[in-house]
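Okay, so here's the structure we're looking at.
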Amino acid sequence: VDLDTTARRGRRCPHDLPAGRRRCSPARKFRLVVAGGALMIEGGNNGGAVLVAGIDEAGRGPLAGPVVAAAVILGPAWSWPGLRDSKELSPAAREAAAAQIRAVPDHAIALATSEEIDRLNILRATMLAMERAFAGLRHAPVLVEVDGNRLPSLPGHAGEARAVAGGDRLCPAI
């Protein structure tokens, strides 16, 4: 699969490397490959960087209905101009972004029901939905970024995971 990527100009990149080199880079062609059970990208000057999984939820605010979470694996330089927190998008832009995310080769959507919310509480039900979404991914990411200040349990994940407050505005995968 070839991916066109675009730099995120004028925004802080959460993938800064220690030497000040950035993984987020100008537009290039990349190819997705599976290597050792992890989804990787090849091409450009990224040296085969591992892909990052992002997890976010929707539906914590409403008084009724399920809480839904999605997990997606994108390349570290992947970006869509204008893609940000869905609450900041117009309905038309939100639908367009949702279609682009559903077209990503490795993504999963899961939920926790209103009955599970009543039984567990909204925070635990949110973590459960995130765990289910992560479990639905086909490949093993090396880094998982979760929007918020807490991490769900990620059974079987041997890599790094981090909670990123405001991550839906900072991290392309979230």
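Here, each number is a calculation from the coordinates, and none is a lab measurement. Keep in mind that this is a model prediction, so the values were computed, not measured. For neighbour counting, all protein chains shown are included, and Cβ atoms are generated from backbone atoms with ideal geometry for every residue, glycine included.
Suppose each label sits 7 Å from its Cα in the direction of the beta carbon; what would the residue 118-residue 162 distance come out to in nanometres?
Between residue 118 and residue 162, the label points sit 4.0 nm apart.
Work out how much length residue 139 to residue 93 would gain on full extension: take 0.36 nm times their residue separation and subtract the Cα-Cα distance, in nm to one decimal.
Going from the current span to full extension adds 13.7 nm.
When the convex hull of the Cα atoms of the range 101-174 is projected onto a plane and the area is averaged over all directions, what value comes out in nm²?
With every direction weighted equally, the projected area is 5.2 nm².
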